[in-house]
1. Considering only the stretch 174-204, how many residues are closer than 20 Å to residue 229 by Cα and open to solvent by less than 10 Å² (accessible area, probe 1.4 Å)?
2. Among (1) away from the ligand (no atom under 16 Å from the Cβ); (2) within 21 Å of the chain's Cα centre (by Cα), where does residue 267 come up short?
3. Looking at residue 67, is it within 13 Å of the ligand (Cβ to nearest atom), more than 23 Å from residue 332 (Cβ to Cβ) and modelled with pLDDT of 95 or more?
4. Give me a count of the residues in the stretch 139-192 that are in a strand (DSSP E or B) and within 14 Å of the ligand (Cβ to nearest atom).
5. Scan the stretch 329-350 for residues that are under 22 Å from residue 242 (Cβ atoms) and either open to solvent by 60 Å² or more (accessible area, probe 1.4 Å) or away from the ligand (no atom under 16 Å from the Cβ) (or both) and jot them down.
6. Given the options 207, 160, 156, name the one that is closer than 30 Å to residue 272 by Cβ and buried (at least 19 other Cβ atoms within 10 Å of the Cβ).
7. Limited to the stretch 118-137, what total is found for residues that are within 19 Å of residue 190 (Cβ to Cβ) and more than 16 Å from the ligand (Cβ to nearest atom)?
8. From the set of residues in the stretch 91-105 that are touching a residue at least 40 places away in the same chain (Cβ under 8 Å) and open to solvent by 30 Å² or more (accessible area, probe 1.4 Å), which is nearest to the ligand (Cβ to nearest atom)?
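The values are calculated or read from the model by the stated rules, or taken from the named source; none is laboratory data. Remember, it's a predicted structure, so these values are computed and weren't measured experimentally. All Cβ positions, even for glycine, are placed from backbone atoms using ideal geometry, and neighbour counts span all protein chains on display. For the accessible areas, the whole protein counts, side chains as well, though only heavy atoms, and no ligand, DNA or RNA atoms are used. Shrake-Rupley method; radii C 1.70, N 1.55, O 1.52, S 1.80 Å.
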Amino acid sequence: MKFETRAIHDGQKPDAQTGSVIVPVYQTSTYQQEAVGKHKGYEYSRTGNPTRTALETALASLEEGRFGLAFATGVAATAAVFSLLEEGDHIVAGDDLYGGTYRLIEKVFRRWGITATYADVDRPDSFARSIRKNTKLIWLETPTNPLLKIIDIKKAAKVAHTKGILLAVDNTFASPYFQKPLLFGADIVVHSTTKYIAGHSDIVGGAVVLNDEAMYQRIKYYQNAAGGVPGPWDSWLVLRGLKTLAVRMRQHQENALYLARYLAQHPKVERIYYPGLPSSKNYAVAKKQMEGFSGMLSFELKGGRPAVDTFFSHLKLFALAESLGGVESLISYPAGMTHSSMPREERLKRGITDNFIRVSVGIENKIDLKKDIAKALTFV
Ligand SMILES: *Cc1c(COP(=O)(O)O)cnc(C)c1O
């Protein structure tokens, strides 16, 4: 069955006992046992909960993987993947990386003897060159944040697998509707379901999807042992969100492309970053591995920081906020928000200039969105 159908039905059969069409919120911590050790598959809700099981089944289906695991947040899912590593192991990650992943590696896992090298994602051979004898994991994010660069998953999988290294892909920015990394050779897919999958900016959550059963058992063991699981209500909200993922993603993309084209020709815009524009240097690779270009775009405004502040102060629809992937449009300023702790020199070197703006394009009417931007730009 196709994606839209699986999103609504996989793992979500009507309740056998009552006929309830929607999977109930199993708000329980524990489960009655008929006799010692004789139960219906559930013993305690850290280990398993039927609402969470429904979510995990649906997530695996959408990524076309065999096994899904849900976590309390995206970083909890990331930590679960890192738990596969041992003291002395090494990670190769891209240098345009989600800040929380960088922090988790450098401030937490480094203390436990795990190190990382950050490869220049603009250089195709840099992942291969960053590999050491003790490298066990390549960690990719594509599209990257906030520069929206695209990394070739198939090539990375080949580099990883010729050396017996695992490839994990953080698929948060594309969502499984537009990109399925397992089909291009990735071993593990990670999500912050907080973003597109739940889609309504009302919960935080994470997920891991994979095909290898032994590795699944190890991460599942960690999930129960470390305990970073989502509660039944949060699982239910993510499940409700993912039913409409396909229609939302189509609209996110339509609106983003519309705004990207508008901004690309605007005299007050210096540069636009959107992999769905044929003029983007990432277009060809994106076209190869993505079925669409998602709803994230970035641009540089002429005039530096004062222009940015003026522009933001005149927007009515775009909320100045971190995060992304919700139905409402958000705008952010990486240099002063997500990347403010990075030294300016380092930030500039990576292309995050003082006039760089990131937009999570929502699913409001695209003409209203364009008018809001057009109006605010007249004050710049
Ligand atoms: C938000 C985000 C995360 C972390 O997820 P949380 O749900 O905030 O813990 C990881 N990767 C990417 C690409 C993200 O955007």
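1. Of the residues in that region, 9 qualify.
2. Going through (1) away from the ligand (no atom under 16 Å from the Cβ); (2) within 21 Å of the chain's Cα centre (by Cα) one by one, residue 267 breaks only (2).
3. Numbers: within 13 Å of the ligand (Cβ to nearest atom): no; more than 23 Å from residue 332 (Cβ to Cβ): yes; modelled with pLDDT of 95 or more: yes.
For residue 67, the condition - within 13 Å of the ligand (Cβ to nearest atom), more than 23 Å from residue 332 (Cβ to Cβ) and modelled with pLDDT of 95 or more - is not met.
4. Of the residues in that region, 11 qualify.
5. Quick first cut of the stretch 329-350, residues under 22 Å from residue 242 (Cβ atoms) only: 329-330.
If the condition is that a residue be under 22 Å from residue 242 (Cβ atoms) and either open to solvent by 60 Å² or more (accessible area, probe 1.4 Å) or away from the ligand (no atom under 16 Å from the Cβ) (or both), then 329 is the only one that fits.
6. Numbers: 207 fails: closer than 30 Å to residue 272 by Cβ; 160 fails: closer than 30 Å to residue 272 by Cβ.
Going through 207, 160, 156 in turn, the sole match is 156.
7. Total meeting the criteria: 4.
8. Initial filter on the stretch 91-105 (touching a residue at least 40 places away in the same chain (Cβ under 8 Å)): 91-99, 101.
Filter once more, keeping what is open to solvent by 30 Å² or more (accessible area, probe 1.4 Å): 95, 98-99.
On the way: 95: 14, 98: 4, 99: 9 Å.
Top of the filtered list is 98.
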